[in-house]
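Let me begin by presenting the structure, written as structure tokens, before commenting on it.
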Amino acid sequence: MISKENIIKRFISYVTIDTESDPASNTTPSTKKQWNLANKLAEELKAIGMHDVTIDDNAYIMATLPSNVDHDVPTIGFISHFDTSPDFTGANVNPQIIENYDGQDIVLNASENIILSPDYFDDLLLYVGQTLITTDGTTLLGADDKAGICEIISAMEYLINHPEIKHGKIRVGFTPDEEIGRGAHKFNVEKFDADWAYTMDGSQIGELEYENFNAASAVVKVKGKIVHPGYAKGKMINSMYIAQEFINSLPRLETPEHTHGYQGFFHLHNIKGDVEETVLEYIIRDHDKGHFEARKEVMQKLTNELNSQYSREIITTEIKDQYYNMKEKIEPVMHIVDIVEKAMIQLGIEPLIKAIRGGTDGSQLSYMGLPCPNIFAGGHNFHGRYEYVPVESMIKATEVICKIAELTASEK
Ligand SMILES: [Zn+2]
């Protein structure tokens, strides 16, 4: 059995170290304070008996659990990130432990009247009777993704202490700066040298993900012409009105607030404008590669149409691909997903396979040559004060890691 006390103690030792990342920084890690946890994790990996523990100049940590069988088994990896989101402060996290949750409101902070309520967050009701770890209402928790790190280290420790469980070589990787989209950037896939890996970075117990968005950004620049309003007839071109035409020509219901599941969207997330120039910033998202390409074409076509309507190059649209759906890289090796499903079912967990409406480090790693689906780490309400994690989900995730290792060694 995985010790509940150890999981809680280990998790709290991580979340009480501030590791917020910073998108404005150009260094890796983006914040110096991430080293505080990174160095501790490297020491801890050594202390539990992991081999080849390395931490590079960018704070990427890798370690090996050697195989304990004499036949050939694929090398698998488990990956998490130790930074927390800059969306909300991660300084002075003061975790609250709620034993035997009764399904009622949880007062996170009485003086500021901050309440974690199942009326609003109904997934809380999945965990009645369990032990929850919450914030004190003033910070995020950092279960994203310190729960993942806690589970991976706990699983490695368990396997080391239980040599009767047979497994192949296992690689562990912890990265900085995932929350600012750079977790995979300096990940040395060659050095990691695994046949495939899993990020332990999902949410609810059972989550298993191998599909994510194809993603692009688009910057639309509209050039106007400023003239004194009193003398403007036939001369002024107001870029804001043309930008408005552009916005209104895209399907209004294909936006984040009107879509779910496999539905893609155009998302206008910033406008800056005056008469002379208006700049629209969009992101384009779609799981389907064909639809994704079509969305980009729609924007380009609209640009061309408005340009010919105004008989000049009044609009320029610059579209840049950001990341792609990992499904393309996972489907040829579907056994790496099947094995997780099997592990979950053997442990009495119902697999929840769904498409991520976003990207993961795993999608980038999959395109870098390391197929990498995503597995639940157990937390909910990431990136804010309502973040919480049931300890029982962390224990289950730890068991899933051990079971995947076992199944990989025993299956053809
Ligand atoms: Zn995460």
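The values are calculated or read from the model by the stated rules, or taken from the named source; none is laboratory data. On a predicted model such as this, the values are computed, not experimentally measured, just so you know. Cβ: placed from backbone, ideal geometry, glycine included. Neighbour counts: every protein chain shown. Accessible surface areas use protein heavy atoms only, side chains included; no ligands, DNA or RNA. Shrake-Rupley method; radii C 1.70, N 1.55, O 1.52, S 1.80 Å.
Of the residues L280, V69, P23, the one whose Cα sits farthest toward the positive end of the charge dipole of the chain, with +1 on the Cβ of Lys and Arg and -1 on the Cβ of Asp and Glu, is L280.
Hey, with R₀ at 30 Å, roughly what FRET efficiency would N109 and S25 work out to, going by the Cβ-Cβ distance, to 0.05? The partial results should precede the final answer.
Numbers: r = 30 Å, r/R0 = 1.01.
My answer for the efficiency is 0.50.
Suppose the chain between H258 and N36 were pulled fully straight at 0.36 nm per residue; how much longer would it get relative to their current alpha carbon spacing? Taking 0.36 nm per residue and subtracting the Cα distance, the gain is 75.8 nm. Accessible area per residue was computed with a 1.4 Å probe on protein heavy atoms; S366 scores about 10 Å².
The V189 and T316 beta-carbon pair, evaluated with R₀ = 45 Å, returns a calculated FRET efficiency of approximately 0.80.
Within the accessible area of segment 214-323, the carbon and sulfur atoms contribute 53%, probe 1.4 Å, all protein chains present. Estimated at the nearest 10 Å², the accessible area of L306 is 10 Å² with a 1.4 Å probe.
Over all pairs of different C-alpha atoms, the chain has a mean inverse distance whose reciprocal, the Kirkwood radius, equals 23.1 Å. For W35, W196, the ranking by accessible surface with the largest value first comes to W35, W196, using a 1.4 Å probe.
Taking each DSSP H run with n ≥ 4 as -39500 (n - 2.57) and averaging over every residue of the chain yields -9500 deg cm²/dmol at 222 nm. Based on protein heavy atoms only, segment 234-358 ends up with 57 Å² per residue of surface accessible to a 1.4 Å probe. Using the structure shown, list the pairs from K221/K296; K327/K403; K169/K327 with a Cα-Cα distance above 21 Å, or answer none. Flagged as over cut-off: K327/K403; K169/K327. Only the Cβ atoms of Lys and Arg (+1) and of Asp and Glu (-1) were treated as charged; on that basis the dipole of the chain about its Cα centre amounts to roughly 1220 debye.
Cα gyration tensor of segment 252-293, axes a ≥ b ≥ c as square roots of the eigenvalues: rounded (a/c below 1.5), prolate (a/b > b/c) or oblate? Don't jump to the answer; show the numbers that get you there.
Values: a/c = 4.01, a/b = 2.21, b/c = 1.82.
Prolate, since a/c reaches 1.5 and a/b exceeds b/c.
Taking 22 Å as the cut-off for C-alpha to C-alpha distance, list the pairs among K223/K272; K191/K320; K4/K191 that go past it. Table pairs above 22 Å Cα-Cα are K191/K320; K4/K191.
Given axes a ≥ b ≥ c from the Cα gyration tensor, I'd like to know whether segment 304-389 is rounded (a/c under 1.5), prolate (a/b larger than b/c) or oblate. All intermediate terms of the calculation are to be shown ahead of the outcome.
Working: a/c = 3.54, a/b = 2.01, b/c = 1.76.
Here segment 304-389 falls in the prolate category.
Share of segment 83-202's accessible area from carbon and sulfur, percent, 1.4 Å? Roughly 43 percent, rounded to a whole number. Between T16 and Y241, full extension at 0.36 nm per residue minus the direct alpha carbon distance yields a gain of 76.0 nm.
Segment 257-289 and segment 113-191 have their alpha-carbon centroids 31 Å apart.
Taking a ≥ b ≥ c as the square roots of the Cα gyration tensor eigenvalues, with a/c under 1.5 meaning rounded and otherwise prolate when a/b beats b/c, else oblate, which class fits segment 214-323? Prolate.
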